[in-house]
């Protein structure tokens with residue numbers, strides 16, 4: 001992606017929105033402005049017809065003005081902040097996404113921009129634009145993780161397969177490169193370029209995100225949640241959950257229910 005072309009002619013808004021699964025699928029017959037989105041929680045799937053973008057947690061997504069797409073949803077809810085902006089006439093770009101590691105600065109930058117926009121103090125648009133360019137700088141540094149549309153098409157069927165089967169107990173990461181029809185090393189490299197993490201880590205993140213949502217309900221026990229998400233037993237689930245979240249599933253549930 002050519003970041004040099006993203007010279008803003010007008011910043012229209014910086015908005016944080018929260019959406020529930022009942023709001024989807026959501027069609028857009030032609031975006032009225034360019035968008036730069038950061039996903040804090042959930043996973044929205046942007047279907048542009050010839051390509052799909054999985055805007056999952058910690059993903060930065062660029063959508064051009066005029067783009068037509070339908071948004072599908074995975075999970076129960078999503079939290080996203082978006083810059084809506086305009087570029088000079090005839091300047092455009094392809095829909096693109098970059099996945100960042102969990103410990104990145106993007107979330108705090110988007111939150112800062114949203115607070116500034118809400119306050120609407122003197123020079124708030126200029127401040128928001130300044131933060132926008134700081135975000136672009138981080139994205140450009142991360143651009144080595146960019147995967148071209150043609151390369152993504154190679155692994156796209158396997159990503160769809162992953163999202164359909166990752167909660168199954170007999171799901172195996174080794175199946176994915178076979179679905180894509182390429183050797184394991186090449187597959188892993190393409191996957192990491194697209195999502196910023198290995199296939200195994202990606203599956204773990206999906207399972208734990210779903211676990212967080214299920215733990216907040218009263219329908220399933222922790223043991224049932226472990227089995228529903230494809231873990232071999234509740235002990236393995238608890239170990240992985242604590243390694244990633246710093247607390248046990250039961251502590252997470254109790255803390256959230258207070």
Spatial separation of Cα centroids for region 133-207 and region 227-242, in angstrom
22
Cα-only Debye scattering, region 27-72: base-10 log of I(q)/I(0) at q = 0.33 Å⁻¹
-1.26
Can you compute the modelled spin-label distance between residue 224 and residue 17, with each label point 7 Å from Cα toward Cβ, in nm?
3.4
Specify the angular offset, from 0 to 90 degrees and rounded to the nearest 10, of the alpha carbon long axis of helix 234-245 from the longest principal axis of the alpha carbons in the chain.
30
Relative to the chain, whose Cα atoms define the longest principal axis, helix 149-165 and its Cα axis are tilted in degrees, nearest 10, by 40
Set the Förster distance to 45 Å, then compute FRET efficiency between residue 236 and residue 10 from the Cβ-Cβ distance, nearest 0.05.
0.30
Per Stokes-Einstein, at 37 °C and 0.692 mPa s, what whole-number D in µm² s⁻¹ belongs to region 3-145, with the Kirkwood radius over Cα pairs as the hydrodynamic radius?
213
Which parts of region 182-210 would a label at residue 174 reach, counting a residue when its backbone N lies under 15 Å from a point 7 Å out along Cα-to-Cβ?
183-185, 200
For residue 2 and residue 167, what is the calculated FRET efficiency with R₀ set at 41 Å and r taken between the beta-carbons, to the nearest 0.05?
0.60
Where does helix 124-141 land angle-wise versus the long Cα axis of the chain, in degrees 0 to 90, nearest 10?
60
For region 81-169, alpha-carbon Rg and Dmax in angstrom
17.2, 56
Percentage, to the nearest whole number, of Cα pairs in region 110-258 over 27 Å apart
47
Extent along principal axes [Cα atoms of the chain; Å; largest to smallest]:
55, 48, 32
Over the C-alpha atoms of region 204-258, what are the Rg and the largest Cα-to-Cα span, Dmax, in Å?
9.8, 30
Listed with the fewest Cβ neighbours within 10 Å leading, 99, 120 appear as 120, 99
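Since every read-out is calculated from the coordinates, none of them should be taken as a lab result. Please read these numbers as outputs of a predicted model, since none were measured by experiment. Virtual Cβ from ideal backbone geometry, glycine too; neighbours counted across all protein chains shown.
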